[in-house]
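Reading through the structure tokens given below for one structure.
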Amino acid sequence: MKASETEQWKRMKVNKSLRVNTAVLDEVLGVEKSFDVVKRDLIYAGKRFALYFVDGFAKDEILNRVMEHLAQLKREDLLPSPLDHLVKTHVGYLEVETTESLDEVVTAILSGPIALLLDGATEAILIDARTYPARNPEEPDMERVVRGSRDGFVETLVFNTSLTRRRLRDPSLRMEYLSVGKRSKTDVCISYLEDVADADLVETVRTSIQKVKTDGLPMAEKSLEEFVFGRYWNPYPMVRYTERPDVAAVHLLEGHVLIYVDTSPSVIITPTTFFHHVQHAEEYRQKPVVGVFLRWVRFAAILTSLFLLPLWYLLAVQPELFPQGLHFMRPDEPAKIPLLLQLLIGELGVEILRMASIHTPNPLATALGLISAILLGEMAVNVGLFTSEVILFLAIAVIGTYATPSYEMGLANNLTRIAFLLLTAGLKEWGLVIGVVGWFILLATTRSLHTPYLWPLIPFNAKALLDVLVRSPMPVKTKRPRVLSPGDPDRKG
């Protein structure tokens, strides 16, 4: 169908003639071309009906029940208002609506509901009796905890909103529906607590999503993030992703706005700062003192992943800078290739290993890790490709990367570490200083939906910064984050 013809039928209303309606729908939906788009021509009480649905979306038992009720129709039932009588009496299902737009009929059919058209009626009946292929909620791999709930978001939007409502039975919890994508018509949901979240923030998120002009969101939430938040060349994440309903509920209570995208098990939390990405649910599943310890260990791992390799390289190429007592950390024997090249090859090898492990079947992933860690590392040292110190410090930096709670933050820190290495190789200690200062300036000038990325460090907020550095007991957390401008700042209940 040509573009001009497409725009024409989108403006059409449901015609009184069933023949006209079915001719348009058959052509648009490709009834004869697509095996899964099903059309049934029916006659009840002397009237012609047409039933459209997508095989795999519609529940067979609901279809059978609807057809059984329609079979009991009598001629007098269709007078004087057949649609009104059908919807209120014979279509015994909860989610039923009517529409006079053929565009809405097509969108509904392709989204899952059943469309029922009657000859002589100027509206179609839409019965939301759909079911989606879905997996059971399972604990997400990226956010495991020792103790805590084992359910996680799945690829079905209504399942995810239900998992959230199970934890927040607040009447002010809003789940706004939007549709994005001219062709995909992807279901998107904005979630927030109406009396807590900043109204301007909600409106900004809503407007930004409504302005998205694209034919589809093939990568679901990631595609939507790039349209809404931009900053494509800044490696640091502008939003936080979570697959845990309890984490989503915590952020809703703080005043954040969540974005759910159908077909994705990840929920977008916005706005977020740098420090949102360095906290983990495990810290709140333990005693506060244990949570503080875990948080500081994570901070140390993140700092290690960023600065250990550049700093060690600087000391290795300028031995006079090595502190007394740490000379054993210097490479003893010169390798056959320059030290910087060793580190860059190591970084590249780690990324290749990471990608290989993702594409390796689970039963073989452990074997792949052992082969890479033992055989490749040992042989690289034996043949003189790497020094043993390079293997050691590279491994420590990589472990720090994987200890970072946010996967996106870990990848950004990888790129930052490589940039530090290159600057240090070119300008020695001044290169490292310039790199660190430039990195700090980048983060300090970054904003996520008008929220400073380094808050509460910049602008400085001592009480909020203390809460970032020290996992506070829950009874002490009586205020919501000021940076979110919550409508109800008090959390005492």
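The values are calculated or read from the model by the stated rules, or taken from the named source; none is laboratory data. From a predicted model like this one, the values you see are computed outputs, not experimental measurements. For neighbour counting, all protein chains shown are included, and Cβ atoms are generated from backbone atoms with ideal geometry for every residue, glycine included. Heads up: the accessible areas ignore ligands, DNA and RNA and are worked out on the full protein's heavy atoms, side chains in. Shrake-Rupley method; radii C 1.70, N 1.55, O 1.52, S 1.80 Å.
A few comments on the model shown:
- Within this structure, Leu415 fails the test of being open to solvent by 30 Å² or more (accessible area, probe 1.4 Å), in a helix (DSSP H, G or I) and either within 15 Å of Trp312 (Cβ to Cβ) or of a type in the set (Ser, Thr, Tyr) (or both).
- Screening Ile125 on (1) buried (at least 19 other Cβ atoms within 10 Å of the Cβ); (2) touching a residue at least 60 places away in the same chain (Cβ under 8 Å); (3) more than 20 Å from the chain's Cα centre (by Cα) shows it passes everything except condition (2).
- Candidates in the stretch 188-211 are the residues that are in a loop (DSSP other than H, G, I, E, B) and either open to solvent by less than 20 Å² (accessible area, probe 1.4 Å) or of a type in the set (S, T, N, Q) (or both); of these, the one that is farthest from Pro171 (Cα to Cα) is Ala197.
- Within the set Lys185, Lys222, Lys213, the sole residue that is closer than 28 Å to Leu454 by Cα and at pLDDT below 95 turns out to be Lys222.
- Taken over the stretch 178-205, the criterion of being of a type outside the set (A, V, I, L, M), in contact with a strand residue (DSSP E or B) (Cβ under 6 Å, 6 or more places away or on another chain) and farther than 18 Å from Glu254 by Cα is satisfied by Lys185, Thr186, Cys189.
Residue-wise test of (1) modelled with pLDDT of 90 or more; (2) open to solvent by 30 Å² or more (accessible area, probe 1.4 Å).
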position	(1), (2)
Ile259	yes, no
Val267	yes, no
Tyr284	no, yes
Phe307	yes, yes
Val317	no, yes
Leu326	no, yes
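- Filter result for Asp215 (touching a residue at least 40 places away in the same chain (Cβ under 8 Å), surrounded by fewer than 17 Cβ atoms within 10 Å (Cβ to Cβ) and either farther than 18 Å from Thr272 by Cα or in contact with a helix residue (DSSP H, G or I) (Cβ under 9 Å, 6 or more places away or on another chain) (or both)): no
- Options Arg144, Arg169, Arg174, Arg165: the member that is among the charged types (D, E, K, R), surrounded by fewer than 14 Cβ atoms within 10 Å (Cβ to Cβ) and either under 21 Å from the mean Cα position of the chain (by Cα) or farther than 28 Å from Asn21 by Cα (or both): Arg169
- The single condition from (1) over 34 Å from the mean Cα position of the chain (by Cα); (2) modelled with pLDDT of 85 or more; (3) loosely packed, with under 13 Cβ neighbours inside 10 Å that Ile374 fails is (2).
- Matching residues, the stretch 92-120, being buried (at least 16 other Cβ atoms within 10 Å of the Cβ), at pLDDT below 90 and out of contact with any strand residue (DSSP E or B) (no Cβ under 7 Å at 6 or more places or on another chain): Ser111
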